[in-house]
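Read the structure below first, then the notes.
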Amino acid sequence: MKKRTNRSVGRIILFSLLLLVILTTTACSNKEIVARVNDQVITKEELYQLLVDQYGSQVLDSLIADKIMDMEIQKQNIAVNEGDIENEINKIIAEYGGEEEFNQVMEMYGYSLTDVKKNIEMNLKVKKLLEQEVSITEEEMQSYFEENKEMFTEEENEEASYEENKDKVRDILVEQKLPAAYETWLQAKYNEYKIENMIE
């Protein structure tokens, strides 16, 4: 879980940095020098072009997907409250082993608590948006619980109860199925929306 969170944070930072450089470059003179090697210079135009060539398609696809999600979230009036966001932050802090460790990771990535909250808010909205696309049967839930019963046992020598952990099991299965549901949903939306990619 920790690794997945790290990758998620890293991906967001990568895209943010790339977009920052691209936007900064387009706002300045393309001939502005960003580096010098002896008497040879590297301009912002060269830097911009390299970023677009190497990462432009990937970043643009992510932006298009984000824009589609934003529009669908607004269309369906999906919202989350501050309590839900705080609960998710507390879960992440626990995964890292405490608030101090969590803050160290945020500092290492140059990420602020405000950034984390915005990311969590969007993730929760996307989850609400896509949950209706995920089907979980009672049989699946019972099977998962029986195969992973030790995950739900809090006290040694005490057997976990399915009924008491039913909501937790469903949440886990929904999380597992969301990526596939997202890909299917997004593909359908790509066909529904008019999208023009100008850099392909």
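The values are calculated or read from the model by the stated rules, or taken from the named source; none is laboratory data. Just so it is clear, the model here is predicted, and its values are computed rather than measured. Here the Cβ is made from the backbone with ideal geometry for all residues, glycine too, and neighbour counts use every protein chain on show.
Inspect all residues belonging to the stretch 130-149 and state whether any of them is β-branched (V, I, T), in a helix (DSSP H, G or I) and without any contact (Cβ under 8 Å) to a residue 40 or more places away in the chain.
no
Any chance you could count how many residues in the stretch 66-104 are under 15 Å from the mean Cα position of the chain (by Cα) and surrounded by fewer than 15 Cβ atoms within 10 Å (Cβ to Cβ)?
Number satisfying all stated conditions: 3.
Identify the single condition in (1) touching an Asp or Glu at 6+ places or on another chain (Cβ under 9 Å); (2) surrounded by 16 or more Cβ atoms within 10 Å (Cβ to Cβ) that S57 does not satisfy, given that it satisfies every other one.
S57 satisfies every listed condition except (2).
Which of the residues spanning the stretch 142-173 are among the β-branched types (V, I, T) and modelled with pLDDT of 90 or more?
Taking the stretch 142-173 as the starting set, the residues that turn out to be among the β-branched types (V, I, T) are 153, 169, 172.
Within the stretch 142-173, V169, I172 qualify.
Of everything in the stretch 154-200 that's aliphatic (A, V, I, L, M) and assigned to a loop (DSSP other than H, G, I, E, B), which residue is surrounded by the most Cβ atoms within 10 Å (Cβ to Cβ)?
Of the stretch 154-200, the ones aliphatic (A, V, I, L, M) are 160, 169, 172-174, 178, 180-181, 186, 188, 195, 198-199.
Filter once more, so that each one left must be assigned to a loop (DSSP other than H, G, I, E, B): 160, 195, 198-199.
Working: A160: 16, I195: 11, M198: 5, I199: 9.
Ranking the qualifying residues of the stretch 154-200, first place goes to A160.
Just to verify a result, which residue in the stretch 23-33, among those that are outside any loop (DSSP other than H, G, I, E, B) and modelled with pLDDT under 85, is surrounded by the fewest Cβ atoms within 10 Å (Cβ to Cβ)? Don't jump to the end; show me each part of the working.
Within the stretch 23-33, the subset outside any loop (DSSP other than H, G, I, E, B) is 23-27, 33.
Adding the requirement that they be modelled with pLDDT under 85 leaves 23-27.
Values: L23: 11, T24: 13, T25: 21, T26: 10, A27: 8.
Filtering first and then ranking leaves A27.
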